[in-house]
């Protein structure tokens, strides 16, 4: 079968790659055409648009880049019609993907949406649009099934694909020496995968280095940037930037400072105590605070339905407050042990690996019945 997949950011690229791998195992004739990143490209098929040209976050940032977004939408629609896939698989990235779903539905393409849009966070009436334009929705968070049930919508709960990625991970036993890292304990810095995130968060993260001289700081670089891009923020301080090594970095980290997003859950699943940070355009944040209906921004706290990790947002996202939280994580034994105990409960809630395989099986089943 012909599969057209659309991922718009780094986490979608990871989940898309694992899904493609699972689809190939079940469909020997699988053909792929996709919007994605390096991980999806490694699985084969035709990459038509890279995520580095796609990921814009925040209301203001979207407006500023509206021309690029509209061009991407136009190109995607034309490409879909030209290729005529058996199934369209949309991976998260709802601002873009729900528009494509509406177009695809009008053109009689089967629409599968993998990783539910976070409609439970704001503008819940978007569920009505999802019911109209998406044929099959695959959810990865336990509480989403009950949410959609309230809207009289049947969904498939497949578990979380991060568990698949972590289960497949094979640690580099020579990670420290291969990357010329010292014997000091590591504080991992995960500033996100978008320019807006990195430019706002990394300067605050860099400001921590002189406050913790007994530790070495290491940055997890996003694959859509190069080392020089990161070095503009810290000059000659020589902070290592490692690419395609985030899981190895987390495997060796004592603590982490993490941009809100999928990485907060990954960090918790690797059992690394963390502080979550987020800083956006002031107008975007003001709008978000008016419309968002959830207490937390990190997946860890959302899934646990209480504060497990500290979230430092906007004006609270300063090197002083991040340093204070890091100090608690590193030097307050009971505080650290409480977070790790909460992580154990999170592990139980998350369940077992298998999301990619289950989703692939369902997609093939639904596409075969089309």
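Values quoted throughout were computed directly from the atomic coordinates according to the rules given, and no laboratory measurement underlies them. Remember, it's a predicted structure, so these values are computed and weren't measured experimentally. Cβ atoms come from the backbone with ideal geometry, glycine included; neighbour counts cover every protein chain shown.
Can you tell me which of 126-137, 11-22 comes out highest on packing, and rank the rest after it, using the mean Cβ neighbours within 10 Å? Kindly include the intermediate steps, with their values, before the conclusion.
Values: 126-137: 17.7, 11-22: 25.5.
Top to bottom by mean Cβ count within 10 Å: 11-22, 126-137.
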Crossing angle, helix 10-26 versus the chain [Cα axis fit, 0-90 degrees, rounded to tens]: 50
Length gained when the stretch residue 349-residue 315 is fully extended (0.36 nm per residue, less Cα-Cα span): 9.0 nm
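Once fully extended, how much extra length lies between residue 370 and residue 53, figured as 0.36 nm per residue of separation less the alpha-carbon to alpha-carbon distance?
Numbers: separation 317, 0.36 × 317 = 114.12 nm, distance 3.25 nm.
Here the segment from residue 370 to residue 53 would lengthen by 110.9 nm.
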Between helix 66-83 and the chain: long-axis angle, C-alpha atoms, 0 to 90°, nearest 10: 40
Most fluctuating residue given options 301, 160, 67, as computed from a GNM of the chain linking Cα atoms under 10 Å: 67
Degrees, to the nearest 10: 195-206 long Cα axis against longest axis of the chain: 20
Projected label distance in nm at residue 214 and residue 68, using a 7 Å step from Cα toward the beta-carbon: 4.3
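Can you tell me the order of 360-368, 332-340, 263-271, 195-203 when each peptide is scored by its average per-residue count of other Cβ atoms within 10 angstrom, highest first? Could you put the intermediate results ahead of the total?
Details: 360-368: 17.8, 332-340: 12.7, 263-271: 23.8, 195-203: 19.6.
Highest-to-lowest ranking by the protection proxy: 263-271, 195-203, 360-368, 332-340.
Can you compute the FRET efficiency between residue 307 and residue 1 using 1/(1 + (r/R0)^6), with r the Cβ-Cβ distance and R0 = 35 Å? Round to the nearest 0.05.
Values: r = 44 Å, r/R0 = 1.27.
For residue 307 and residue 1, the calculated efficiency is 0.20.
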Cβ-based exposure ranking for 46, 359, 173, in which fewest neighbours within 10 Å come first: 173, 46, 359
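To the nearest 500 deg cm²/dmol, what mean residue ellipticity at 222 nm is calculated for the chain from DSSP H runs of n ≥ 4 alone, each contributing -39,500 (n - 2.57), summed and divided by the residues? Kindly include the intermediate steps, with their values, before the conclusion.
Details: 18 runs with 178 residues, N = 370.
The helix contribution divided over the chain gives -14000 deg cm²/dmol.
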Inter-centroid distance (Cα atoms) of the stretch 181-256 relative to the stretch 311-370, Å: 19
Segment residue 145-residue 123, extension gain: residue separation times 0.36 nm, minus the distance between their alpha carbons: 6.2 nm
Point-to-point label distance, residue 335-residue 182, nm (Cα→Cβ direction, 7 Å offset): 2.4
Cα gyration tensor shape for the stretch 175-350, rounded if a/c is under 1.5, else prolate or oblate: oblate
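Arranged from highest to lowest average of other beta-carbon atoms within 10 Å per residue, in what order do the peptides 100-107, 29-36 appear? Don't skip to the end; give the middle numbers.
Working: 100-107: 18.0, 29-36: 20.6.
Descending mean neighbour count gives 29-36, 100-107.
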